[in-house]
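This report concerns only the one structure given below.
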Amino acid sequence: MHRIVRLTCLTIVLGLIAPPLLAERNLIPSLESSPDVCTERPNEPAWMENIALRDAYQRVLVQDIYRAQNMERIVETGSCDCATRFPTWDSAEDTFQENHSDADRSDMLQASDLYNRRANELRSQAQAICEAAGNW
């Protein structure tokens, strides 16, 4: 009789504990995330994806240029279609090559900061435009 009571109690306890544990496991972030909007985004240039860790600040600078240019484009055009919000990386790469590729690490970090500031200044305006278009 004690054995049946223990098994019943164990079954009840496991029934209460197991679902939250399974749900918690589903909260583990995946490295393979898919965006909610504009799912067909262009890939970063191959050289950026394969850059050595010690040179990662160059990749970050191009990403910051890309983000700032995209925010500017959205605000200037008043449009947030996917091609405007996530264009090819060509313009950001060109800006990097023309203005920053010969800079040292410190100068690139300062440039990243400036591009981030510019993007952040425009973010609320761009967000309003993109939310209206359903692309935020």
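The values are calculated or read from the model by the stated rules, or taken from the named source; none is laboratory data. This structure is a prediction, so every number in the text was calculated from the model and none was measured. For neighbour counting, all protein chains shown are included, and Cβ atoms are generated from backbone atoms with ideal geometry for every residue, glycine included. Just so you know, the surface numbers come from the protein's heavy atoms only, side chains and all, with ligands and any DNA or RNA stripped out. Shrake-Rupley method; radii C 1.70, N 1.55, O 1.52, S 1.80 Å.
Structure values in brief
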read-out	value
Selected residue (only one of ARG105, ARG6, ARG59 is among the basic types (Lys, Arg) and either modelled with pLDDT under 95 or in contact with a Ser or Thr (Cβ under 8 Å, 6 or more places away or on another chain) (or both))	ARG6
Test set (1) open to solvent by less than 80 Å² (accessible area, probe 1.4 Å); (2) closer than 18 Å to THR39 by Cα - GLN58 fails condition number	(2)
Helices (runs of 4 or more DSSP H) enclosed by region 48-101 - at least 3 residues per element that are touching a Phe, Trp or Tyr at 6+ places or on another chain (Cβ under 7 Å) and without any contact (Cβ under 8 Å) to a residue 60 or more places away in the chain	56-77
Selection status of ASP81, over 17 Å from the mean Cα position of the chain (by Cα) and of a type in the set (Asp, Glu)	yes
Verdict on GLU32 being open to solvent by 90 Å² or more (accessible area, probe 1.4 Å), out of contact with any strand residue (DSSP E or B) (no Cβ under 6 Å at 6 or more places or on another chain) and at pLDDT 95 or above	no
Filter pass, THR88 being in contact with a Pro (Cβ under 6 Å, 6 or more places away or on another chain), among the polar types (S, T, N, Q) and on the phi < 0 side of the Ramachandran plot	yes
Qualifying residue in region 36-43 (condition: surrounded by fewer than 19 Cβ atoms within 10 Å (Cβ to Cβ), outside any helix (DSSP H, G or I) and in contact (Cβ under 8 Å) with a residue 60 or more places away in the chain)	yes
Qualifying residue in region 77-87 (condition: under 23 Å from SER34 (Cβ atoms), out of contact with any His (no Cβ under 8 Å at 6 or more places or on another chain), crowded, with 18+ Cβ neighbours inside 10 Å and aliphatic (A, V, I, L, M))	no
